Structures are given as structure tokens and as C-alpha cells.
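Novice: Shown below is the structure under consideration.
Rule-based calculations on the coordinates, nothing more; no lab input. Since we're looking at a predicted model, the values are computed, not measured. Cβ coordinates were reconstructed from backbone atoms using ideal geometry, including for glycine residues, and neighbour counts include every protein chain displayed.
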């Protein structure tokens, strides 16, 4: 049986909060300390939500550096003297992300090991927003997480974003070539980009809902043999075994 699984990175394998704080650190320094860190942090969170919503509506790649140009413009619109060099600040953000002192979610490491040992070929599918893919790649290598994966596919490398069917098809082609896998499940924490994206691409999906936004119990089968919601990735092997059973029927 040919089995593959792809994973989102931020919010799924790695916590996003340390990364947002790192961006706020870099921007606060770039603004010469004229704006309090808490204000910059809140602004970054606000911009991140707006950028994600815009990406969802357009379904097109906007490079992180272009987003940073827009952030500088919006800071100026608020009367803040933002005269930093965007390219220099982008490099510093990437360096900060690559060097983060962060730990992967423990349940993520357990799940990766379990399904890899069970014969799954693993890949990453990740969008980009405020830092470039090279930063995430470097951090995953630093944390000894990269070795779990045979392929890493990032929006700024391939030119399109989740939930586009093309990015999921690229993952299949990269991992198993022209072969149709018996099981292909994508795992992520974003309901639209990860969960619906995989379902609408005609693959299986698992939504990681650690905060209980969609379910209160530990596990929910949204679509039989197709879509699942879990509170903890330790349950992923249960789902993959169920998907294998479905594929065998």
C-alpha cells in the first residue's frame, strides 16, 4: 500500500507565537524604538490576520517582502516614521525565524515518528506570509525535524498557495511520481487552507484543532473515510489506520 502524508508547518508542527514575537522584535528595532514593543506586536498580529484574509480571497501568492512593503506603508499611514530598508529588515526577520529558540509541538513529533515508522512518505506544504521559506527550512533543520520529510513545498518556491489543488498535486508527484497513492492525507491547523483545501482537491484531510474552536471532544469524523478533526496529533495514527482500512475495502 502506498501511503503519503503532508503537513502544514506553523501552528501544526511548530508554534506560531514565538515567530510573531520575533517579527515584532525586528520591526521594533527597525523603527528605532520609537514605538513600544506591545504596539508593534499588536500591529503585526492585526496585519497578519488581514494578509491571511486577503490571501484567502485572492488565492494567489504575495511574497513576504511585498507584504513588508505594505506593512511599512500602513505604518506611515498611522503617522509612524517608518524609514527602514525593507530588504534589510526582511533578511533580519528571516534570520530571526531561522534561529528561533522554539520547540516543535510534542504531539507533532510523536505523530511524525509513528506514521513514518508505519510506512508513510512525508512531505511539507506551507504558505508564506512574513518570512521566506528559507527561514522555515533552516529552522526545521536546526530542530532536527527536517529529516522526517522527503519533500518540502513552499508557496514562494512554487508560485501558488494552499488551498490550490496544484500544490497538493505537486506534493503527490514529488513524493510518489505518477503513482496514485492508496492513502494521501494532509494535516494542518487552518480550516480553509489546509482542511477544505485538501478535501476540495479530492484528498483526505485532518484538521488539528488544539484550541477547540470546532470540536470539544478529542476526535470527530467529519466525512467518513475522508475528513477528520482532532484536538491532538497523538490521534493521527488512529486516523491513518482508519484511512488504510477504508482504502482496503
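Novice: Counting only helical runs of four or more DSSP H residues, what would the 222 nm mean residue ellipticity of the chain come to if each run contributes -39,500 (n - 2.57) and the total is spread over all its residues?
Specialist: -14500 deg cm²/dmol
Novice: When Rg is the radius of gyration of the Cα atoms in the range 17-98 and Rh is its Kirkwood radius, what does Rg/Rh come to?
Specialist: Numbers: Rg = 12.2 Å, Rh = 13.0 Å.
Here the Rg-to-Rh quotient is 0.94.
Novice: Please identify, among 21, 29, 92, the residue showing maximal mean-square fluctuation in a Gaussian network model of the chain using a 10 angstrom Cα cutoff.
Specialist: Result: 29 has the largest fluctuation of those listed.
Novice: Hey, what did the range 47-130 get for relative contact order, percent, Cα under 8 Å, at least 6 apart?
Specialist: 45
Novice: For the range 55-130 and the range 173-209, what is the separation of their Cα centres, given in Å?
Specialist: 21
Novice: Select from 34, 137, 231 the residue whose mean-square fluctuation is largest in a Gaussian network model of the chain (Cα-Cα springs shorter than 10 Å).
Specialist: 34
Novice: Using only the Cα atoms of the chain, what are the Rg and Dmax in Å?
Specialist: Rg then Dmax for the chain, in Å: 18.7, 64.
Novice: A follow-up question, please. Among 186, 105, rank each residue by its count of other Cβ atoms within 10 Å, from fewest to most, as a rough exposure measure.
Specialist: With the fewest neighbours first, 186, 105 line up as 105, 186.
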